[in-house]
């Protein structure tokens, strides 16, 4: 008999549901849920490794898919004072994207961290040592390192959330600036390859000195950190009605920022689409 004692009935009920998904039909008949005492009991044969494995799987999923987000929300609200549910969800979304490996730029914060291994190790210990245990004591003593790592995920994700909020404010401010500007050039061609080159409507290159003279100095004064004086500032100052952007890497951050600011004004094309219009010859090694 394995007995797990909870402090509240909702946790006991959620584990009970998880057990129903993993235990065999025969084993399901041996699950007892004492709702008034918040206890879940499972009768198992001492030689039934399959049943024990199923219990551990259900317990793992109960923590990973039910309790983990609950703990994360508690940390977000009580340690960092983000009490708005929408803000909490946005921070949780960032945490989940890190879990799923979608935030490679943040991986170095967690390079020596493996939450699954920590959880499984703690579970193996408690199921090996006890046939009856308190879930809350298990969390307090066995999962302390696990919860400390969750707090680190929250801290990094909140920093990322704040940066994203600042970025969105920055984008919104520049869109408003753009709406007030009159276009100096209707159609501008922008090549982003090994470097960044501007061309006017006739595909004549706009020299750097000319670009510098076009820049609205208020942009650099008001947004010294975010506005790139080599690309974003000239584009905003020229305010073209259409930007034909030639690149082989449309997902790079600079291009995403240009698209976010100029939106439907941007048309992205491959670099090869520019070759027939201007005197640029792609580099190839000379044959011997």
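The values are calculated or read from the model by the stated rules, or taken from the named source; none is laboratory data. Since the model is a prediction, treat every value here as computed from it, not as a measurement. Because the Cβ atoms are built from the backbone with ideal geometry, glycine has one as well, and the counts that use them run over all protein chains shown.
Annotations for the structure displayed:
- Highlighted here are the strands (runs of 3 or more DSSP E) found entirely within segment 181-247 that include at least 1 residues which are surrounded by 14 or more Cβ atoms within 10 Å (Cβ to Cβ) and more than 34 Å from the chain's Cα centre (by Cα): 187-192, 196-199.
- Test: residue 166 is surrounded by fewer than 17 Cβ atoms within 10 Å (Cβ to Cβ), out of contact with any helix residue (DSSP H, G or I) (no Cβ under 6 Å at 6 or more places or on another chain) and not in a helix (DSSP H, G or I): no
- Among the residues of segment 120-135, those identified as in contact (Cβ under 8 Å) with a residue 24 or more places away in the chain and either within 30 Å of the chain's Cα centre (by Cα) or not assigned by TED's automatic domain parsing to the domain that holds residue 11 (or both) are 120, 122, 123.
- The set of residues in segment 156-180 being within 18 Å of residue 78 (Cα to Cα) and touching a residue at least 40 places away in the same chain (Cβ under 8 Å) consists of 156, 157, 158, 161.
- Test: residue in segment 202-213 that is in contact with a strand residue (DSSP E or B) (Cβ under 9 Å, 6 or more places away or on another chain) and in contact (Cβ under 8 Å) with a residue 60 or more places away in the chain: yes
- Total residues in segment 1-30, condition over 15 Å from residue 135 (Cα atoms) and surrounded by fewer than 18 Cβ atoms within 10 Å (Cβ to Cβ): 10
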